[in-house]
Amino acid sequence: MSKVRDFFQLARHLTFRRVTNLFALRLSYHYSKSFRKSTVWGQPLSVSIEPTTACNLACPECPSGLKQFTRATGKLDLQKNEQLLEQLKKSVFYITYYFQGEPFLHPQFLELIKAAKKRRIYTATSTNAHFINEKKAEEIVLSGLDRLIISIDGASQQTYENYRIHGKLEKVLEASRHLVQAKKKLKSHTPYLIFQFLVVKPNEQDIPKIYELAREIGIDEVRLKSAQVYDYKNGNPLIPENEKYARYKKKSDGTYEFKYKLSNNCWRMWSSCVFTWDLKIVPCCFDKDARHILGDTSDAPFSVLWKEERYNQFRKAVLQNRSQIEICKNCSEGAKVWV
């Protein structure tokens, strides 16, 4: 029932203009795939905006937690967020306020959410839930946030901290209970709460327990996510034993390969984009270190940057030989499992 309610909550944010924009994007996407050329009709329907690069944890495979960024770090300015929203509001109906970092380390994070809600945009974020107490939980509900993904990568402290280094599972569970109680107290169906479980070898045996915890607390949904690892060819201690939870498969010679076959297309290049905290544009969430900056909103309006030559050249590269783009090599978007 809660999943159906969330669907209708999302649908409520559609307007005639946003729907026609969606159809224009789909049409231009299929046209571009057919003719292997970058043609874009319309503006993105969803975006991700990074509140901050700061993080309290030190997760392996995460440049934010490991403090390994080569790009500038910082936090999103409230006024710049307002200015960007004004440019996006006619087409965008879904914003994820998350890219790298822990969103709730931004001291005014909920003001970002409120600004988007004023423009009738569905909002989501992802958190490690270490900064959500009873008071903050009520503030989150009152902000209008539509969806909250809670990262929970273990059913015991031992397995949890194996990946979420410096993290405390009890804080995550306590925050989850506060959120469920705040929704009940304020008679709100939002935010839709999701337990996201990143499946790695040390925690894969905990999967059934995570579903039990979700039911016990009152979480709306559990999602299992496969882990991206950068060094996988000769194996990696994070790759799960059960191949269905892994992005990689073991070959007869004992080495590993990405188990998906990349197709020369990607709907994300037409439907969405990602903004770093300083509002530079990168193609998608796989470009964590902003290696492919496709525009800077301080130089020109987003509507211009979205269709500029630099952006179109990147889309064209995806259509012609996606496997040669480094950030695409670990992505399953539009990919098929090797037979």
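The values are calculated or read from the model by the stated rules, or taken from the named source; none is laboratory data. Quick caveat, the model's predicted, so the values are computed rather than measured. Virtual Cβ from ideal backbone geometry, glycine too; neighbours counted across all protein chains shown. Only protein heavy atoms, including side chains, enter the accessible area calculation; ligands, DNA and RNA are left aside. Shrake-Rupley method; radii C 1.70, N 1.55, O 1.52, S 1.80 Å.
Assorted remarks:
- Among (1) in a strand (DSSP E or B); (2) farther than 21 Å from T39 by Cα, the one test that I281 misses: (2)
- Odd one out for E309, checked against (1) in contact with a strand residue (DSSP E or B) (Cβ under 9 Å, 6 or more places away or on another chain); (2) modelled with pLDDT of 95 or more: (1)
- Only a single item in (1) out of contact with any Asp or Glu (no Cβ under 7 Å at 6 or more places or on another chain); (2) of a type in the set (F, W, Y); (3) open to solvent by less than 20 Å² (accessible area, probe 1.4 Å) is not met by Y122, and it is number (1).
- Scanning segment 100-121 for residues that are within 26 Å of T15 (Cα to Cα) and under 14 Å from the mean Cα position of the chain (by Cα) gives no hits.
- Boolean, S38 is polar (S, T, N, Q) and either without any contact (Cβ under 8 Å) to a residue 24 or more places away in the chain or under 26 Å from V318 (Cα atoms) (or both): yes
- The residues listed here are A182, A214; of these, the one that is in a helix (DSSP H, G or I), open to solvent by less than 10 Å² (accessible area, probe 1.4 Å) and in contact with a helix residue (DSSP H, G or I) (Cβ under 6 Å, 6 or more places away or on another chain) is A182.
- Reported count of residues in segment 287-320, each being part of a loop (DSSP other than H, G, I, E, B), out of contact with any Lys or Arg (no Cβ under 9 Å at 6 or more places or on another chain), open to solvent by less than 30 Å² (accessible area, probe 1.4 Å) and over 25 Å from S34 (Cα atoms), is 2.
- Positions within segment 38-58 being of a type outside the set (G, A, S) and under 23 Å from D278 (Cβ atoms), in sequence order: Q43, P44, V47, I49, E50, P51, T52, T53, C55, N56, L57
- Number of the condition not met by K114 [criteria: (1) touching a Gly at 6+ places or on another chain (Cβ under 7 Å); (2) crowded, with 19+ Cβ neighbours inside 10 Å; (3) free of Cβ contacts under 8 Å to residues at least 60 places away in the same chain]: (2)
- Filter pass, V40 being among the aliphatic types (A, V, I, L, M), under 27 Å from S263 (Cβ atoms) and over 19 Å from the mean Cα position of the chain (by Cα): yes
- Here N265 clears all of (1) buried (at least 18 other Cβ atoms within 10 Å of the Cβ); (2) modelled with pLDDT of 95 or more; (3) among the polar types (S, T, N, Q) except the condition numbered (2).
- All positions within segment 269-286 that are without any contact (Cβ under 8 Å) to a residue 40 or more places away in the chain and open to solvent by 20 Å² or more (accessible area, probe 1.4 Å): K280
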